[in-house]
Amino acid sequence: MNVLSNAFKITLHLSAMLALTGSFSASAQIVPDATLPNNSAVSVEGQINRITGGTTAGSNLFHSFSSFSLPTGTTAHFDSALEIQNIFSRVTGSSISNIDGLIQANGSANLFLINPNGIILGPNARLNIGGSFLASTANSIVFNDGSLFSAKNPQAPPLLTVNVPVGLQFASNPGSIAVQGQGLNQLATDDQPATDDQPATDYDVQADIAFQQSVLDSPIGLGLQPARTLALVGGDVTFSGGLLKAPAGRIELGSVGDNSSVSLTPTGTGFALGYENVATFKDIQLSGQSAVFASGEGGGNIQLAGRRIQIAEGSQIQASTLGTQPGEM
């Protein structure tokens, strides 16, 4: 059942559908490069990859890696000072990021990861961070002073900035993003089948609310603390049983074409993305009972921007109010 009783706002740019395929590779590594004034460092302690160092500019911390992948059962711990508000990470090498472990960071820092080659978030990928999370296949993060933190053209030290991020800059043929998992079926109960499309009764509505809450509370999938932003922006964006959860927060899915520029605007729940300067879009596909949930006590916000958006095989997008305030989609 898919009960959405709120007012919605949805951005859809429609055209032809393209498929994205990808598979998770168990071999993975996190390797710093040598492009920063103070380079990143990684120490392996059992299954934990402890990431320290990096270059600090005000409350911003910059990390740079030649590769960033995380195999099943391992952790990438961004171990930074508690006063850091934003952690910016880039991949300057030629490999995609295969992530199937836990990413965590200290305090309430927002975490940004850009890899133009592509990103796969496997079925065991998890987040344990206090702030928002943005993963993108953009070439660069753009700051309000005009400076860039580029994965393809690593900049000289003076260009690292104390300013706030205001956008993402893409080159031609942006890399794809894939989110994998086992779908909602693993969480379905007799009271709330994940693929029930029958007309809703009052009991069904209450059961659906309970089911949504159980999904948000489940350790399965990529989830954040309440009132945060979870954003995935790249070329084609494909979910195969993947779960995203931002309770009473914001979820942004963007699929953009060549040489696009996407704006970032700070909000009370993280960041809102804008596509005014995007000329062409690519495609977003959800299948295998995938779920994108931003429901919560005060509702949530979901924005999808793509050429064609396909929601199939019992997949759900929910920004329902589990309390008294409406959500938006």
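The values are calculated or read from the model by the stated rules, or taken from the named source; none is laboratory data. This one's a predicted model, so the numbers in the text were calculated from it and none came from an experiment. As a convention, Cβ positions derive from the backbone with ideal geometry for all residues, glycine included, and neighbour counts pool all protein chains shown.
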Next on the checklist: Looking only at segment 94-110, how many residues end up being farther than 15 Å from Pro165 by Cβ and outside any strand (DSSP E or B)?
Outcome noted: 8
Item to check | Residues satisfying the stated conditions in segment 69-93, i.e. of a type in the set (S, T, N, Q) and assigned to a loop (DSSP other than H, G, I, E, B) | outcome: Ser69, Thr72, Thr74, Ser80, Gln85, Thr92
Checklist entry - Do you know which of the residues in segment 58-73 that are surrounded by fewer than 16 Cβ atoms within 10 Å (Cβ to Cβ) and of a type outside the set (S, T, N, Q) is nearest to Leu111 (Cα to Cα)? => result Gly58
Item to check | Check on Thr55, more than 26 Å from Ala294 (Cβ to Cβ), surrounded by 18 or more Cβ atoms within 10 Å (Cβ to Cβ) and of a type in the set (S, T, N, Q) | outcome: yes
Checklist outcome for this item: Note on Ala231: of the conditions (1) within 15 Å of the chain's Cα centre (by Cα); (2) small (Gly, Ala, Ser); (3) modelled with pLDDT under 95, unmet is (3)
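Residues checked against (1) within 21 Å of Asn277 (Cβ to Cβ); (2) surrounded by fewer than 18 Cβ atoms within 10 Å (Cβ to Cβ); (3) charged (D, E, K, R):
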residue: Ser132; (1), (2), (3): no, no, no
residue: Ser140; (1), (2), (3): yes, no, no
residue: Phe149; (1), (2), (3): yes, no, no
residue: Pro154; (1), (2), (3): no, yes, no
residue: Val164; (1), (2), (3): yes, yes, no
residue: Leu168; (1), (2), (3): yes, no, no
residue: Ser172; (1), (2), (3): yes, yes, no
residue: Gly175; (1), (2), (3): yes, no, no
residue: Val179; (1), (2), (3): no, no, no
Checklist entry - Scanning for something assigned to a strand (DSSP E or B), in the same structural domain as Leu187 (by TED's automatic domain parsing) and over 16 Å from the mean Cα position of the chain (by Cα), does segment 238-260 turn up at least one residue? => result no
Checklist outcome for this item: Within segment 286-304, the residues that are part of a strand (DSSP E or B), surrounded by 24 or more Cβ atoms within 10 Å (Cβ to Cβ) and out of contact with any Phe, Trp or Tyr (no Cβ under 6 Å at 6 or more places or on another chain) are Ala291, Val292, Phe293, Gly296, Ile302
Item to check | Those residues of segment 236-246 which are closer than 19 Å to Ile119 by Cα and surrounded by 24 or more Cβ atoms within 10 Å (Cβ to Cβ), in sequence order | outcome: Asp236, Val237, Thr238, Phe239, Gly242, Leu243, Leu244, Lys245
Next on the checklist: If the requirement is being buried (at least 23 other Cβ atoms within 10 Å of the Cβ), at pLDDT 95 or above and under 20 Å from Thr267 (Cβ atoms), which of these qualifies: Ser136, Ser108?
Outcome noted: Ser136
